[in-house]
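The values are calculated or read from the model by the stated rules, or taken from the named source; none is laboratory data. Everything numeric in this text was worked out from a predicted model, so none of it was measured. Backbone-built Cβ (ideal geometry, glycine too); neighbour counts: all protein chains shown. We work out accessible area using only protein heavy atoms, side chains counted, and drop any ligands, DNA or RNA first. Shrake-Rupley method; radii C 1.70, N 1.55, O 1.52, S 1.80 Å.
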Amino acid sequence: MPNRISINSLRLLKNEELIALNQDVLGLQAYVVKQMDGVYILTKDMEEVNVNTCAVAVYNSTDEERTIHLDFADFYLRGDVSVRDLFERRDLGKYKDRDFSVTIPAHGTRIFRLDGPERGERTVYEVECAWLQDYQEIKNHKAFGTAIYEDDGNCSGGAKVTGLGNRDSNYLEWRNVYSREGGLYLMSVDYQCAENRELICQVNGVVVKNVEAHPAHANEVASEQIEIRLKPGMNRIRLSNGNSWMPDIDRMVLLKK
């Protein structure tokens, strides 16, 4: 007797809204916004970059049911935000920031579409969404001197990148840094290191500054600030060091001046 797929599984596979999200014309990968006690919140733009619509997934990696409040400021949405459940394919209404709560079963996921009247520019870029040029997990990364992700509860997204630098190709790069109008920004690089280290910051292929990184206490995250200029639209920001090891990188934060 042939195996039969359940009705619920079939509904999920044929869900046109989830299919549209997966095959959105932008082709962007969702990135982690934050991690709270084993619950991961991910987001990605839909249809256009930095418009008033985005998709949000909430994944519960724990063995217990969890209830959390979504902070719409994490997605830079302002005002009353319309929430649509893409699994259930129904509108849930309009909510103010942190008024919307969601309960996630153990090892479950919920996916929503958020629409707001206004959206600010993205300011936080976790290292988990950066491009690592020499990244690989086939060989021992220490023996081959390549960067790798490492869990760290001191870091904002729960992880960092370690093993960067020591040759020109072993760099990280944020390739989707959006600025609506361009102009001057204050860029903060959050990092960890046990000894003094250095990194080189490039914006759109131009070296901006050599940054000296100094260790903080007890593996705490330290920060250095750089003034940079972005062009309107998409920008690339690269951190590298071709001659010596870089500090471990947590994230960067951009504030318009």
Quick check for the chain: number of Lys pairs with alpha-carbon distance under 21 Å, counting only pairs 8 or more apart or on different chains? 13
With volume of the Cα convex hull per residue in Å³ in mind, check [x] 150; [y] 118; [z] 166 and report the label derived from this structure. [z]
Per 0.36 nm of contour for each residue apart, how much would the distance between residue 9 and residue 140 grow if the chain were fully extended, relative to their Cα-Cα spacing? 43.2 nm
Mind checking which of 226, 131, 38 is farthest towards the positive end of the chain's charge dipole, using Cβ charges of +1 (Lys, Arg) and -1 (Asp, Glu) about the Cα centre? 131
Can you compute the modelled spin-label distance between residue 67 and residue 89, with each label point 7 Å from Cα toward Cβ, in nm? 2.9
What is the calculated FRET efficiency for residue 23 to residue 133, with r their C-beta to C-beta distance and R₀ = 22 Å, to the nearest 0.05? 0.20
For the chain: relative contact order, % (alpha-carbon pairs under 8 angstrom, 6 or more apart): 17
Rolling a 1.4 Å sphere over the protein heavy atoms, what is the accessible area per residue of region 114-225, to the nearest Å²? 50
Suppose every Lys and Arg Cβ carries +1 and every Asp and Glu Cβ carries -1, with no other charges. What dipole size does the chain come out with about its Cα centre, to the nearest 20 debye? 680
Simple spin-label estimate for residue 218/residue 151, 7 Å along Cα→Cβ, in nm, reads 2.1
Carbon and sulfur %, accessible surface of the chain computed with the full protein complex present, 1.4 Å: 47
For region 74-104 versus region 167-220, the gap between their alpha-carbon centres in whole angstrom: 34
Is it possible to state the helix-based mean residue ellipticity at 222 nm for the chain, with each DSSP H run of 4+ residues giving -39500 (n - 2.57), the sum divided by total residues, to the nearest 500 deg cm²/dmol? What is it? -1500 deg cm²/dmol
Over what distance in Å are the Cα centres of region 110-147 and region 49-72 separated? 17
Which value, in debye to the nearest 20, describes the size of the charge dipole of region 120-185 about its Cα centre when Lys and Arg Cβ atoms bear +1, Asp and Glu Cβ atoms bear -1, and nothing else is charged? 140
